[in-house]
Amino acid sequence: MAAKANPVPSVWARQQSTPDQPALSRASIVREAIAMLDADGIEALSMRKLGARLNAGATSLYRHVATKDELMELAVDEVAAEFTVPPPGGDWRAAATEAAVSFRSTALAHPWVSAVLGQAGLAYLGPNLMAYSERLASLFTAAGFPEPSRAIDTVLAYVIGMSTTEAAWLITVTRSGMSEAEFITGMMPAARQAAADHEHLAEAYADVAAQPAFDPVAIRDDKFFYGLDVVLDGLEMRLPR
């Protein structure tokens, strides 16, 4: 009789097998996978390439991780250990801002992670993500939100969305071989030409071009915090008076 399939599509719902290659562990596989993901992105990661970097065959990896999807789930949870959330009890807006900044910083250090978290269909049951979710729940519950999960979902939707876009932009800049300022400056002539027949866009690009020196990092920071403040302003209106 065939074994019953696991109804939960998550590595955390499957019993870990006993390794027959002591030098190779799930932890070492995940660490190397994260290094590959950080350097080359999701498209470059394969079990064959990962095995080669670990001096092990793909078959050996499958004894620890059944699929690439499981490997991605493990990698996401490992990175989630870097997310920080202040303890509840203080200024909830300051704490939520600190948590959002931590997520964004981690997502930009690991440019692939936001896109993976934004995908539907994965069951994120890892210990680090569960602990992170619990800390967020404690923060927003202590703040007095009658439906803390909705407040959390709203903040995370904004932060994940912004981080995904920002990470993709920075990957494009990195691949160009230029600094961010050089990349923007080089793109400006074509952008101004494309926007010439669009009044508001033309003004926006003209404003950027008129600046003798600009700080792309400061501009990205300003955009992020502007949107975050708008989100938190809206949530604050939902608190009981």
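Readers should treat all values here as calculations from the given coordinates under stated rules, not as data from a laboratory. Bear in mind that the values here come from a model prediction, so they are computed numbers and not experimental data. All Cβ positions, even for glycine, are placed from backbone atoms using ideal geometry, and neighbour counts span all protein chains on display.
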Label point distance in nm, Ala44-Ala94, each placed 7 Å from Cα along Cα→Cβ: 4.1
Leu239/Glu134 FRET efficiency (R0 25 Å; Cβ-Cβ; nearest 0.05): 0.75
Leading residue at positive end of dipole, the chain (Cβ point charges), from Gly41, Ala167, Pro189: Gly41
Total charge dipole magnitude, the chain, about the Cα centre, Cβ charges on Lys, Arg, Asp, Glu only, Debye to nearest 20: 1060
Exposure proxy ranking, count of Cβ atoms within 10 Å, fewest first, for Leu232, Leu156, Leu37: Leu156, Leu232, Leu37
Taking the chain and dividing mean pair separation by its residue count, relative contact order in percent (alpha carbons under 8 Å, at least six apart): 18
Length released on extending from Thr141 to Thr67, taking residue separation times 0.36 nm less the Cα-Cα span: 23.0 nm
Contour excess over end-to-end distance, with Cα ends at Arg192 and Leu108 and 0.36 nm allotted per residue: 27.4 nm
The chain: calculated mean residue ellipticity at 222 nm from DSSP helix runs of at least 4, using -39500 (n - 2.57): -21000 deg cm²/dmol
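I'd like the FRET efficiency for Val101 and Ser176, computed as 1/(1 + (r/R0)^6) with the beta carbon distance as r and R0 of 22 Å, rounded to 0.05.
After rounding, the FRET efficiency stands at 0.25.
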